[in-house]
Amino acid sequence: MKHYFVAAFLFFLSVSNVIAETITVEILAANGKPLKNAALLIDKKMFPTEGNKEAIVDQVDKQFTPIVSAIALGTDVVFPNSDNIRHNVYSFSEAKTFELKLYSDKEQPSVNFENEGIVTLGCNIHDQMVAYILVSDNYDIAVTNEQGLTELNLTEGEKLEAITVWHHWMGDKLSQAENVVLTKKAGKLTGQVQVSPPEQ
């Protein structure tokens, strides 16, 4: 029993000595403007996370939320409707084709995502509703906000010099993601991807 407590105490000390540092990462488009909803692909081998076999994509104010999410293969995604109007959810993506016909806020249908790839979501009733689910056992993601910023946690002394970034302007394949070199600037790490808004 004594050995158990000694081992537990040493484990506590080793964990408590690991200091995490929160860094801000800025992603810019090719035109130099902040790129919102860019997905920074975090390699699970480098940053292991606990698996979760259920995720949620809600519908609020006629928008999907979150707009970009990442799940592992075999995850069930629940699609609640927090609006007081009916929505339809569908995808024609190669990784997952499905349709949830019009339903109200009293229903919470779910869909299982068993294939790797990027699934684009839409609503037949509201064309502005678009979202993306990245299905992969290899990556988690951090998504940039309206200012093109997101935060990552690194252990003390760990350096981040490059990151893989995907944005829906690149297309619907994970292979189209770009490896972006990061430079330190004004207290944050900044990277620029070679994509621009589509021409109107």
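The values are calculated or read from the model by the stated rules, or taken from the named source; none is laboratory data. Computed from a predicted structure; not experimentally measured. With ideal geometry, Cβ positions are generated from the backbone for all residues, glycine too; neighbour counts draw on all protein chains shown.
Filter region 148-180 down to the residues that are exposed (fewer than 11 other Cβ atoms within 10 Å of the Cβ) and either among the β-branched types (Val, Ile, Thr) or modelled with pLDDT of 95 or more (or both) and list them by number. Selection gives THR155 alone.
The residues of region 116-133 that are at pLDDT below 95 and either among the polar types (S, T, N, Q) or not assigned by TED's automatic domain parsing to the domain that holds THR75 (or both), listed by number, are ASN124, GLN128. Restricting attention to region 102-122, the residues that are among the aliphatic types (A, V, I, L, M) and more than 15 Å from the chain's Cα centre (by Cα) total 2. Just one of the numbered conditions (1) modelled with pLDDT of 90 or more; (2) within 20 Å of ILE163 (Cα to Cα); (3) surrounded by 14 or more Cβ atoms within 10 Å (Cβ to Cβ) is not true of PHE47: (1).
Of the residues ILE141, ILE125, which single one is under 30 Å from TYR103 (Cβ atoms) and assigned to a strand (DSSP E or B)? Talk me through it step by step, then tell me what you get.
Working: ILE125 fails: assigned to a strand (DSSP E or B).
Checking each option against the conditions leaves just ILE141.
Checking each residue in region 181-200 for being of a type outside the set (Val, Ile, Thr) and surrounded by 12 or more Cβ atoms within 10 Å (Cβ to Cβ) picks out LEU182, LYS188, LEU189, GLY191, GLN192, SER196.
Which of the residues spanning region 79-121 are of a type in the set (Val, Ile, Thr), loosely packed, with under 14 Cβ neighbours inside 10 Å and in a strand (DSSP E or B)? Break it down stepwise before answering.
Taking region 79-121 and keeping what is of a type in the set (Val, Ile, Thr), we get 85, 89, 97, 111, 118-120.
Narrowing further to those that are loosely packed, with under 14 Cβ neighbours inside 10 Å: 85, 97.
Within region 79-121, THR97 is the sole residue that qualifies.
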